[in-house]
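Participant: Dropping the structure in here first, questions after.
Taken together, the values in this text are just the output of simple stated rules run on the coordinates, not laboratory data. Given the structure is predicted, the values throughout are model-derived calculations rather than measurements. Virtual Cβ from ideal backbone geometry, glycine too; neighbours counted across all protein chains shown.
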Amino acid sequence: MGSPMSKDVISSWSADMVKFYHEECTKRVKRNVTLEEKLKTKISDLEAELVLLNRNLLVNARMNAQRMVKDSEEATGEKVNGLYDEVFYQTYKAKILKVKDLQWEKIKSEVEWFLLSRNSFTKDMQDMWTNDMIDYYLERYTLVFIGHGLRQTTLNLVQYVYGSVAISSSAHYADAV
């Protein structure tokens, strides 16, 4: 798909061929999105998914437990004691773990976006970020910049976070990722 097709050419195609062409064009546009745009979209998608999971956490656990109890009682013909609490707890626990996993993915994406933005890591950032964010930032920063021979810059960053030396992110990150 080197160049866009004219409407005259497309109008002579079958409906399936037109649909296929538009799907392929859409895929191509998605592939041409910058890394920064992909990260912003990923962060936005994760935020939306987290909101939905958190909003429906108790309701989903309750509905799943009720359904399991009902199915079990119908299958055995007997009343099942304690199953509701067990299923509710297991469902709730699984959803909480899913929320934590999504939160961690969001944190990693935010740190990656921050590194890509080439902004300076400041005292304000240190105060706003969680320890997990800072640790992941240091890990990624070290991995990216030590690989480019910037050991002293990385040492300064670690001293800044745990001491009082100021540094800024390097422009090499986008090339290294």
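Participant: What net charge is computed for the residues neighbouring residue 112, neighbours being all others with C-beta under 12 Å from the C-beta of residue 112, Lys and Arg scored +1, Asp and Glu -1?
Facilitator: On the way: positive: 38, 40, 42, 106, 108, 140; negative: 36, 105, 110, 139.
So the surrounding residues net to +2.
Participant: Please give the length that would be gained between residue 50 and residue 86 if that part of the chain were fully extended, namely 0.36 nm times their separation in residues minus their C-alpha to C-alpha distance (nm, one decimal). Don't jump to the answer; show the numbers that get you there.
Facilitator: Numbers: separation 36, 0.36 × 36 = 12.96 nm, distance 2.43 nm.
Gain on stretching residue 50 to residue 86: 10.5 nm.
Participant: Further question on the same structure: Measure up 79/100; 42/93; 70/106 against 29 Å on the Cα-Cα distance and list the ones that go over. Working shown, then result.
Facilitator: Numbers: 79/100 35 Å; 42/93 25 Å; 70/106 37 Å.
Pairs exceeding 29 Å: 79/100; 70/106.
Participant: Once the Cβ-Cβ distance between residue 36 and residue 105 is put in as r, and R0 is 22 Å, what FRET efficiency do you end up with, to the nearest 0.05? It would help to have the intermediate numbers written out before the result.
Facilitator: Values: r = 17 Å, r/R0 = 0.78.
For residue 36 and residue 105, the calculated efficiency is 0.80.
Participant: For the stretch 45-152, which GluC sites (Glu not before Pro) are both in a DSSP coil and crowded by at most 13 other Cβ atoms within 10 Å? Kindly include the intermediate steps, with their values, before the conclusion.
Facilitator: On the way: sites: 47, 49, 73, 74, 78, 86, 105, 110, 112, 139; in loops: 78.
Loop-located and lightly packed - 78.
Participant: Local charge sum around residue 54 (other residues, Cβ-Cβ under 13 Å, Lys/Arg +1, Asp/Glu -1)? Mind dumping the intermediate values first?
Facilitator: On the way: positive: 55, 95, 98, 100, 106; negative: 47, 49.
Around residue 54, the charge tally is +3.
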